[in-house]
Each structure stands twice: as structure tokens, then as C-alpha cells.
Ligand SMILES: Cc1cc2nc3c(=O)[nH]c(=O)nc-3n(C[C@H](O)[C@H](O)[C@H](O)COP(=O)(O)OP(=O)(O)OC[C@H]3O[C@@H](n4cnc5c(N)ncnc54)[C@H](O)[C@@H]3O)c2cc1C
């Protein structure tokens, strides 16, 4: 992390901090319950949008769709559906895009996706599928004119030969119609700032929204990071060291680490954040509170209260 934080940011309303939340589609009834607990707790924070991931190789196509539809039906949130082009024909992917547009989903997070054999395997596009994420962005814009967000990698994607190749790919996605990039998570803010400099120098002007991963479980985070090319600094390991059997303290440390990170980003002018919630609300809710993002009551959000007396 950059130099010690010195500001006294106190959630000034004039900064208009904007947040979005990412969820994954649940596999079981218990997971569904956990997800909806998280959504209910976070919804009053009025995120800009909430996104729902698409399992590797399209494995969650139906569950992603069902979750997005339920968000549309039961909340006032604006959903964004993740979509990948791995192992699917163009017409299969086009059908998913059309179904989202038909259901009233106006925002897609467009991704190439990992190869079916997992990260590290060579990626081969489906012979009749979209070639890559830029090609998919163009397809989405052509078919339905939806808003499209894409990924960005401050530490470069593991498949990428160089940061320059990575920035070229981002440029191709923007030229194809993407209007926002969400970054892979990172723990050293300097990595993000350096990446932002390169992106802006390449003439890319869209928002590059930092993806923030509150560390719910350090071991899982380290495994996940190893697969995605994100680095885990020694100081982070040190902070969680010895807390393997102490979930309560782990949670406090995780909140402190994420707070330090987002407040440093705010000090450097960042006002938009995407949170990888892992379908848990507590840490994200606390960090949003620090950022001055506070709940609105159902009334303020324009939701009729069930026990409100009917007006004559
Ligand atoms: C915000 C975010 C959300 C995500 N959501 C999901 C999700 O819902 N479901 C899911 O399965 N995955 C998801 N991923 C992971 C993503 O699918 C993988 O990282 C995947 O390997 C790359 O897809 P992409 O669209 O990010 O890649 P791209 O932007 O297409 O490529 C990333 C980089 O890899 C390089 N590259 C790409 N293809 C090649 C190639 N053939 N040869 C050499 N270099 C190449 C390019 O230089 C490029 O810079 C997400 C990632 C992020 C950051």
C-alpha cells in the first residue's frame, strides 16, 4: 500500500461514492438463503448495480438467469448479468443475450471466461463461437444495445504476454462498446494507480472501477489469487497469521484491511467501488458505512410499506 493514510475522510456526501456488489448464483437451498440474506441487507444501500457471475464454461447459465430474474422481480436493484463465451456457439450466446434483454436486464458484464480445463490451459475459442471478450462485447451491442462492462487486470491476466498486451485487449473491448471496466481484486493500491496511468496513456477514458475483495477467508483468497494472477503481499499474510481458528478476529482484521484499502483509494480520488461480496453482507456493509454509503428506508426508496393505511 502507498504511504500511511493521513486523511480524515468522513463520508462527505459531496463525494458521491458509488458502489456495486457482485454475487454468485447459489447451488443449494441453503446457499440461496444465504445469498438472499446478503441481498436484503445490502439492498438499502442502493448500489449502482448488482452483478451475478456466470459459472465456468456456462455451468450456471440457468442459475445465473434465475438469480438475475428474481432480483428484478423482488427488489428495486438494477441487475447486471455476467456472460462468457467459453465452449458455446455464437447462437447459444446470442440466445442468452436476447433472453436477458427480453427479461428487462439492461447491463451485461462480458467476459471471455476461463478455458474448460481451467486457468493455465491454452484457450481455444469454440469453432463457431465468439473469439474473445471484445468480439462478445460487439455481439451484445449489435444484438441488444445493452450496457456492457468488462474486466481489467492491474497485474495483467495470467494468459497475457505483457501489461501492454493486456491494455491493448482492454482498448479493443472499449472500441467494441464497453463503457466500464471492473478490475480483478488487488491488495496494493499502487498496482491500481500504475495500471490506471497506463490505461489513460493508451487513450482509454472509461471508468476503471476497482474490484475490492474483503478477505472473508485468507486461505481461500490466496488460492483464488494464485489462479487469477493477483499477488498476495507478505504483509497481508502476516496480518491473518495465527487466526486460522479465530473467525471473529479474522473478520475484524478483514474489515480493517479493506477499510485501509478503500480509504486510501478515496484519498487518491476514487469514488466508485465494486465489491466481491462472496454472497456475504457484513464486511461489505461495514466498509460501505465507512465510505458514507448509508441505508435508505423502504419509504425513501419509494417502496410501499405493507402496513401503511390505504389512502382514501
Ligand atoms: C470483474 C470480473 C468478473 C469476472 N466474472 C466472471 C464470471 O462471471 N464467470 C467466469 O467464468 N469468469 C469470470 N471472470 C474471470 C475471467 O473470465 C477470466 O479471467 C478469463 O480467463 C478471462 O476473461 P476476460 O474477459 O477477463 O479476458 P480478456 O479481457 O478477453 O483477456 C484478458 C487478457 O488475457 C489475454 N488473452 C486473452 N486471450 C488470450 C489468448 N488466447 N492468448 C493470449 N493472451 C490472451 C489478453 O491479453 C487480455 O489482456 C471475471 C473476471 C473479472 C475481473
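Values quoted throughout were computed directly from the atomic coordinates according to the rules given, and no laboratory measurement underlies them. Note that the coordinates shown come from a computational prediction; the quantities given were computed from them, not determined experimentally. For neighbour counting, all protein chains shown are included, and Cβ atoms are generated from backbone atoms with ideal geometry for every residue, glycine included.
Side notes on the structure shown:
- In the distance distribution for segment 126-203, Cα-Cα pairs more than 18 Å apart total 42 percent.
- Inter-probe distance in nm under a simple model that places probes 7 Å from Cα toward Cβ, at residue 271 and residue 143: 3.5 nm
- Using R0 = 41 Å, the C-beta based FRET efficiency linking residue 74 and residue 245 works out to 0.60.
- Restricting the calculation to alpha carbons of segment 159-312 gives Rg and Dmax of 19.1, 68 angstrom.
- The antiparallel fraction among DSSP beta bridges confined to the chain stands at about 0%.
- Calculated on alpha-carbon atoms, Rg and Dmax of segment 64-192 in Å: 15.1, 44
- Label-point separation, residue 193 to residue 171 (7 Å along Cα→Cβ), nm: 2.5 nm
- Working from the Cα coordinates of the chain, the gyration tensor eigenvalues give, after taking √(5λ), semi-axes of 28, 27, 20 Å in decreasing order.
- At an R0 of 25 angstrom, the distance between the Cβ atoms of residue 260 and residue 14 translates into a FRET efficiency of 0.65.
- Nearest-0.05 FRET efficiency for residue 226 and residue 41, computed from C-beta distance (R0 41 Å): 0.85
- Rg/Rh for segment 1-126 (Cα atoms only, Rh after Kirkwood) is 1.06.
- Overall form of segment 1-75 per C-alpha gyration tensor (a/c, 1.5; a/b vs b/c): prolate
- Simple spin-label estimate for residue 66 and residue 164 gives 4.8 nm between the two label positions (7 Å along the Cα-to-Cβ direction from each Cα).
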